[in-house]
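Below: the structure, in structure tokens.
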Amino acid sequence: MLENKVIMPSGASADSPQDRIGTTGGHAGGGAAPGRASRRLAVLHLSDFALQAVLRLEQAPPAGPLALLGAGPRAVLAECNDAARASGVAPGLTVPQALARCPRLVVRAPHPAAETDARAALLAAAFTLSPAVEATAPGVCTIDVTGLAEREREPALAAALDQLASTGLLATGGIAATPLLALYAARWSATSLPPEALAKGGGRAGQSPSSNPNADKDQSAPGGRAPPRPIPCSVPSPRLLVVRDGRSFLAPLPLAAADPSPAVAAITAGWGIRTLGEFAALPKSDIAQRLGGEGLALWERCVGETDRPLQPVVAAPTFAAALDCEHELETVEPLLFILRRFVDRLALELASAALAAATIELRLILSDETVHAHSIRLPHPSTSADVLFRALSTYLDALRTAAAIAGVRLSLEPTRISRRQEGLFDCALRDPHGFTETLARAAALVGPDRVGTPRVQDTHRPDSVQLTAPPEVIAPLAPAFALSPLGLVLRRYRPPLPATVELAGRFPAYFWTSSAHGPVREHAGPWYSSGTWWEIQHLWEREEWDVELESGGVYRLVRTPAGWCLEGEYD
Amino acid sequence: MAGSPPTLSALRELLQQRFPSAPRTGGHAFATGIPALDERGGLPRAALTEVVCTAPSCGSHLLFGQLLQQARQRGGRVGLIDGSDQFEPAEWGADVLEPLVWVRCAAPESAVPAAEILARDANLELVVLDLRRAAPSVLRRIPAAAWYRLQRAVEQSDLAFLALTPLAVVPSAQLRWALPCSHHLGDQQRERSQLAAALTVTLQRQRLAAAG
């Protein structure tokens with residue numbers, strides 16, 4: 001699991017993400033602090049984060065209204081999707097209340113491991129942009145992209161959104177001068193911005209404003225915190241909003257976008273205030289007098305004056321993922337689906353850390369409380385999710401476990417990507433990963449110990465051969481100084497065929513086997529050999545004869561203490 | 001079909017002599033180092049070649065060893081699908097065995113699927129499917145579609161594919177040779193390279209390669 005350590009400034013607390021979202025800090029003066037006008041922050045935002053995290057690990061997530069239960073003792077909904085909202089379902093309702101409003105509602109339980117995995121994927125995507133990344137809140141990452149050239153920021157953020165989409169997470173992005181503005185931009189890039197906001201203060205990358213299907217819904221969002229809308233799965237293209245003028249961007253937004261408390265929202269609604277611009281037009285001193293500190297903080301958010309330093313996180317150098325399955329897995333397809341999610345995320349983390357995977361460690365927790373562990377050594381370190389997944393898929397194709405799978409653990413052993421100068425005449429593999437896959441598939445067909453490059457062992461015992469992994473690089477053939485071997489090549493029968501031999505004196509004159517039989521025309525031998533005489537149970541001794549049948553064919557007959565056998569045919 | 005009529009084979013040999021370049025796919029074939037084969041263009045790449053071993057001790061493993069050495073000298077990799085698990089590595093030096101991927105099939109039925117797996121690998125230069133000792137009844141049970149699927153796999157690659165069989169069973173073979181002569185016990189005293197060079201092969205089928 002990618003664990004992150006929050007680097008805290010002295011006296012600060014990381015326990016309240018809401019504090020980090022926008023209620024602390026100094027003044028930025030219209031989105032940029034004096035002397036820091038060039039600071040640019042990006043935000044990656046996953047709307048309905050916990051719900052997305054749970055659905056991401058489902059092979060066939062249900063369509064239609066969906067909601068997620070909260071993790072607390074009260075069984076109330078924590079999140080719901082657009083379809084559920086359209087049916088009147090809202091966070092805070094109990095399940096019976098929600099089902100009374102929407103009988104088709106599908107409710108999912110929270111899954112902490114799935115959220116951890118989704119959070120790791122979000123951080124991995126963020127680290128592709130900059131090393132200064134803050135885990136602002138569940139589903140929200142703030143990244144300092146000041147170091148990126150201006151022309152590279154939008155493509156880089158769009159690429160990060162694409163990478164997240166490839167891991168099954170549909171995110172939105174925003175770029176602005178302060179963390180809060182960037183967060184608002186990311187939230188509202190998923191929904192609809194009034195055309196004037198786009199014209200005056202912001203520019204949308206990746207989608208034209210008129211193409212957003214949720215435009216009307218967002219304008220009619222109820223009071224309280226503006227609910228960021230989940231992105232429809234049918235629209236996987238990244239959504240990204242760049243804010244250049246904070247005040248112009250904020251002015252047309254509904255007041256709910258600034259997260260007023262319900263009490264303040266009710267008061268401002270009574271005043272007829274609908275947008276951030278209308279609220280920001282009120283005198284600051286009067287707001288402080290009538291609404292107190294909370295109102296003042298809201299006013300500062302409405303004018304875009306809130307700024308704060310980031311609290312960056314550091315990624316631990318381990319690349320692992322784990323999941324305890326809610327329902328036991330009995331087939332390979334759902335397991336492969338989960339592993340694909342893991343691999344996508346881990347490959348992203350590897351790429352962010354400029355590392356590559358050398359070994360894949362897979363552990364399957366079975367329902368009979370045993371563990372099936374397997375390690376896959378890659379021929380070449382790789383960061384490609386496809387390569388890693390193919391290695392896993394090929395292995396699992398032939399795997400049969402004694403019980404259903406209750407949990408999955410996957411870890412990658414990272415390594416630096418090595419660059420080695422090959423010899424001028426060395427022959428390396430053209431497709432190392434494809435070769436590994438070929439060997440694995442062949443091994444799955446004929447047996448894992450029946451594929452490889454033969455190595456003859458250092459013994460005189462016949463048929464002492466061992467299969468080893470084929471070499472990655474084949475050195476050029478050394479000049480042969482030895483004489484050419486003599487004679488035909490033995491085609492060894494495994495096992496040897498029992499034979500009945502008729503002797504003429506000491507010599508074979510006729511033999512019968514299930515494969516060949518007949519009178520012997522010519523013979524050569526015998527040749528005696530023995531070995532391992534010092535171990536009674538491994539002692540072997542034999543007498544070899546080469547014989548040619550009158551009907552044709554040259555064979556090797558062997559006599560052992562157990563009797564005669566036909567060991568092979570010279571071919 | 002155990003073999004082509006002699007007149008048909010003679011006609012094919014005549015055509016081969018008159019139009020020696022016709023079956024070659026752009027002059028790109030696997031040179032075997034065996035004069036009798038190389039004079040007729042060697043093993044075509046991207047095509048199936050069948051060698052029918054009609055006599056005992058006809059030299060099929062001698063032929064394979066020769067191909068293995070040729071591939072080794074060029075730095076190519078060789079896959080051997082051993083349908084009856086009869087290859088004897090002790091007959092060859094470790095240096096020669098280095099490029100070999102040996103697939104030891106417990107039963108001939110798994111050999112053709114294994115051959116298809118290896119034929120789709122871009123790292124191999126030569127794949128040999130050894131069904132020499134498989135029972136004819138087993139070979140006849142292999143559906144023709146399996147051989148054509150194998151042909152399709154090989155067509156998309158750059159490898160040479162050789163099937164060693166006891167009788168003609170590969171309907172999709174572009175070339176079919178026969179090893180009709182048995183060796184004798186006295187050949188055990190001759191150098192192996194000489195034996196390989198003296199291998200007797202006869203052509204049984206030669207299909208023209210598809211244009212382009």
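The values are calculated or read from the model by the stated rules, or taken from the named source; none is laboratory data. For clarity, every value in this text was computed on a predicted model and none was experimentally measured. In this analysis, Cβ positions are derived from the backbone assuming ideal geometry, glycine residues included, and neighbour counts consider all displayed protein chains.
All of A:ARG559, A:ARG492 fail the test of being among the charged types (D, E, K, R) and within 12 Å of chain B (Cβ to nearest Cβ), apart from A:ARG492.
Let's see how each residue does on (1) touching a residue at least 24 places away in the same chain (Cβ under 8 Å); (2) within 14 Å of chain A (Cβ to nearest Cβ); (3) in contact with a strand residue (DSSP E or B) (Cβ under 7 Å, 6 or more places away or on another chain):
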residue	(1), (2), (3)
B:ALA114	yes, yes, yes
B:SER137	no, no, no
B:LEU167	yes, no, yes
B:GLN174	yes, no, yes
B:GLN188	no, yes, yes
B:LEU195	yes, yes, no
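Only one entry of B:ARG132, B:ARG205, B:ARG152 meets the criterion of being charged (D, E, K, R), within 30 Å of A:THR436 (Cα to Cα) and in contact (Cβ under 8 Å) with a residue 12 or more places away in the chain, and that entry is B:ARG132.
For the stretch A:453-464, the condition of being at the interface with chain B (Cβ under 8 Å from one of its Cβ atoms), closer than 26 Å to B:VAL112 by Cα and part of a loop (DSSP other than H, G, I, E, B) holds for at least one residue. Does A:ALA149 meet the test of being surrounded by fewer than 24 Cβ atoms within 10 Å (Cβ to Cβ), modelled with pLDDT under 85 and aliphatic (A, V, I, L, M)? No, not satisfied. Taking the criterion of being at pLDDT 90 or above and surrounded by fewer than 22 Cβ atoms within 10 Å (Cβ to Cβ), no residue of the stretch A:162-196 qualifies. Scanning the stretch A:57-90 for residues that are more than 25 Å from A:LEU164 (Cβ to Cβ) and out of contact with any Leu (no Cβ under 8 Å at 6 or more places or on another chain), which turns out surrounded by the fewest Cβ atoms within 10 Å (Cβ to Cβ)? Looking at residues that are more than 25 Å from A:LEU164 (Cβ to Cβ) and out of contact with any Leu (no Cβ under 8 Å at 6 or more places or on another chain), I get A:PRO73. Going by the structure shown, is B:ALA145 under 20 Å from A:ILE474 (Cα atoms) and more than 14 Å from chain A (Cβ to nearest Cβ)? In short, no.
For the stretch A:296-336, name all the residues that are modelled with pLDDT under 85, β-branched (Val, Ile, Thr) and under 30 Å from A:ALA347 (Cα atoms). If the condition is that a residue be modelled with pLDDT under 85, β-branched (Val, Ile, Thr) and under 30 Å from A:ALA347 (Cα atoms), then A:VAL314, A:THR318 are the ones that fit.
Of the strands (runs of 3 or more DSSP E) lying entirely inside the stretch A:319-382, not one carries at least 3 residues that are surrounded by 14 or more Cβ atoms within 10 Å (Cβ to Cβ) and outside the structural domain of A:LEU410 (by TED's automatic domain parsing). The residue list A:ASP449, A:ASP458 contains one member that is outside the structural domain of A:THR359 (by TED's automatic domain parsing), over 30 Å from A:ALA398 (Cα atoms) and either within 48 Å of the chain's Cα centre (by Cα) or small (Gly, Ala, Ser) (or both), which is A:ASP458. Can you find a residue that is at the interface with chain A (Cβ under 7 Å from one of its Cβ atoms), surrounded by fewer than 20 Cβ atoms within 10 Å (Cβ to Cβ) and not basic (Lys, Arg) anywhere in the stretch B:65-78? Looking for residues that are at the interface with chain A (Cβ under 7 Å from one of its Cβ atoms), surrounded by fewer than 20 Cβ atoms within 10 Å (Cβ to Cβ) and not basic (Lys, Arg), one finds at least one in the stretch B:65-78, hence yes.
Among the residues of the stretch A:516-556, the ones that are more than 11 Å from every other protein chain (Cβ to nearest Cβ), of a type outside the set (S, T, N, Q) and in a strand (DSSP E or B) come to 11 in all.
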